[in-house]
Amino acid sequence: GGLDAPTSGEIIINRRSSATFSGADFDNYRNTYVGIVFQEYNLIENYTAGVNIGLALELQGKKADKEQIDAILRKVGLADSRGVTLYNRRVNELSGGQKQRVAIARALIKKPEIILADEPTGALDNKTGESLYELFKELSKEKLVIVVTHDKESAEKYGDRIIELADGEIVSDDERVVRKDIDNGEKDCNFIKSRLSLKRSVALGI
């Protein structure tokens, strides 16, 4: 995700090495290619679910369109039987499972190629955690989904490839699904610069 500096190695994004990235490049790389789902959600409590999700679009310089956000909320299961979403519900009024789904929706709204989830079910009950893994499994049909977890049972149940680490070293690498190489063509590495309007920046600062 580029939030920490690696001791060695690199990632190649459309023929460009992360070894050449500046700090701003990493911000823009995340803004363009990566959706991160944090264990502690990292949502802004005083904002609604819709505004939290819309911030990801604003950072890309796009308009936070309510119809688009409602569609994502429905996709992650945050709508009632009539299709009415939790768009206007404040984050501090949501359950843990609902907050995590908002965090997933925020990661998805910008259409990333990679989703990184850090212990996404650590603070959830078993039933809610299982429903989230089912959602990640569905998303993995279209995206690269990487989940970091201590939950070996769920990894065995849902993972296509399980890389086990101990003390900073890889101890096993079990690729359970044989995938064909995908040729994405010769794409250039084009970043979307991270930016917020002055009005939003001031509001967040306050």
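Ranking V178, V102, V171 from most to least accessible surface, computed with a 1.4 Å probe over the protein chains only, gives V178, V171, V102. Report, for the range 58-206, the % of DSSP beta bridges that are antiparallel, rounded to 5. Of the beta bridges lying entirely in the range 58-206, close to 55 percent run antiparallel. Considering the chain as a Gaussian network with a 10 Å cut-off on Cα pairs, which listed residue, V76, V91, V177, attains the greatest mean-square fluctuation? Looking only at V76, V91, V177, the biggest GNM fluctuation is shown by V177. When the listed pairs K62/K157; K66/K152; K141/K199; K99/K137; K66/K143 are checked against a 27 Å cut-off, the alpha-carbon distance exceeds it for K62/K157; K66/K152; K141/K199.
Estimated at the nearest 10 Å², the accessible area of K62 is 100 Å² with a 1.4 Å probe. Test of understanding: in a Gaussian network model of the chain with alpha carbons linked when under 10 Å, which of G35, G77, G50 would top the mean-square fluctuation ranking? Answer for the Gaussian network model of the chain: G77. Taking S17, S172, S140 in turn, the Gaussian network model of the chain (Cα-Cα springs below 10 Å) assigns the largest fluctuation to S172. Computed about its Cα centre, the charge dipole of the chain is approximately 1280 debye, with only Lys, Arg, Asp and Glu carrying charge at their Cβ. Looking at the range 78-172, the GluC sites (Glu not before Pro) that sit in a DSSP loop and have at most 13 other Cβ atoms within 10 Å of their own Cβ are E142. Taking all protein chains as shown and a probe of 1.4 angstrom, K193 keeps an accessible surface of around 140 Å².
Here is the list for the range 15-59: GluC sites (Glu not before Pro) lying in DSSP coil, each with at most 12 other C-beta atoms within 10 angstrom of its C-beta, are E40, E45.
The values are calculated or read from the model by the stated rules, or taken from the named source; none is laboratory data. Everything numeric in this text was worked out from a predicted model, so none of it was measured. Note: ideal-geometry Cβ built from the backbone for every residue, glycine included; neighbour counts use all protein chains shown. Ligands, DNA and RNA are excluded from the accessible area calculation, which covers all protein heavy atoms including side chains. Shrake-Rupley method; radii C 1.70, N 1.55, O 1.52, S 1.80 Å.
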